[in-house]
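Note sheet for the following structure.
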Amino acid sequence: MWIKNNQLVPQGWVITDSTSTQFEITCVIGATYRSTLWIKYNQRIHDGWAVIDGSGTSLQIIYTQGAGYGDKLWMRNNQIVPQGWVITDSTTDKFEITSIQRAPKGAKLWIRYNQQIPAGWVVTDRFNTQIQITFMG
């Protein structure tokens, strides 16, 4: 849907294109896991979405909710890691993130240092730049 660029973008919608006088907006309510969308810079990234790419004045985002335990995605490293995910690997400009959603009790996962340990998880081992966490429930 197109709106005038002086109007507020409704909650649950994002700007996907623009002209000098209008915004194209797209609803993100009801997105499914791994849905992707290109949005314009300078807007809030909705909860449950991660930035995976960027080009010119746009960002590509992916919906992360509904993942299973152990699912992996790569995202840009200058963005917020979505809730229910941890950083398990990295390059100079990307983070590999792994889902901890629906983890079984006793599940173990190696993650990168310098991130908050998720609720219900404890540190059980360390090696170089990684720590092993175990889900206690």
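The values are calculated or read from the model by the stated rules, or taken from the named source; none is laboratory data. What you see is a predicted model; the values in this text were computed from it and never measured. Methodologically, a virtual Cβ is constructed for each residue, glycine included, from the backbone with ideal geometry; neighbour enumeration extends over all protein chains shown. Remember, those area values only see protein heavy atoms, side chains included, never the ligands or the DNA or RNA. Shrake-Rupley method; radii C 1.70, N 1.55, O 1.52, S 1.80 Å.
Couple of notes before you dig in:
- A 1.4 Å probe run over the chain, with the rest of the protein chains in place, finds 59 Å² accessible per residue.
- Amide H contacts of residue 88 (H built 1.01 Å from N, under 5 Å, at least 5 apart or other chain): 96, 97, 98, 112
- Note on the chain: GNM, Cα springs under 10 Å; of 67, 107, 119, the largest mean-square fluctuation is that of 119.
- With contacts taken as Cα pairs under 8 Å and at least 6 residues apart, the chain reaches a relative contact order of 14 percent.
- Furthest towards positive pole of dipole, 10, 99, 77, structure part the chain, Cβ charges: 99
- Those chymotrypsin sites (Phe, Trp or Tyr not before Pro) in segment 44-76 that DSSP places in a loop and that have at most 16 other beta carbons within 10 Å: 69
- In a reduced charge model with +1 at each Lys and Arg Cβ and -1 at each Asp and Glu Cβ, segment 52-137 shows a dipole moment near 240 debye about its Cα centre.
- Across segment 92-104, coupling constants 3J(HN,Hα) worked out from phi with the 6.51/-1.76/1.60 Karplus curve, θ = phi - 60°, read 5, 10, 9, 10, 8, 10, 10, 6, 10, 5, 6, 5, x Hz, and Gly and Pro carry x.
- Karplus-derived 3J(HN,Hα), 6.51/-1.76/1.60, for each residue of segment 120-137, Hz, glycine and proline x: x, 10, 10, 7, 10, 6, 9, 7, 6, 9, 10, 10, 9, 10, 10, 7, 9, x
- Here the chain is scanned for trypsin sites (Lys or Arg not before Pro) in DSSP loops (not H, G, I, E, B) that have at most 14 other Cβ atoms within 10 Å, and the longest stretch holding none of them is 45-101.
- Structure remark: mean-square fluctuation, Gaussian network model of the chain, C-alpha springs under 10 Å; the largest value among 84, 68, 120 belongs to 120.
- Distances between placed amide hydrogens fall under 5 Å for residue 48 paired with 83, all partners being 5 or more residues away or on another chain.
- Total lysine pairs whose alpha carbons fall under 22 Å of each other in the chain (8 or more apart, or interchain): 5
- Restricting the calculation to Cα atoms, every distinct pair contributes to the Kirkwood radius of the chain, found to be 16.4 Å.
- Pairs of alpha carbons in segment 65-137 separated by more than 18 Å make up 33% of all such pairs.
- Percent accessible area from carbon and sulfur atoms, segment 97-137, protein chains only, probe 1.4 Å: 54
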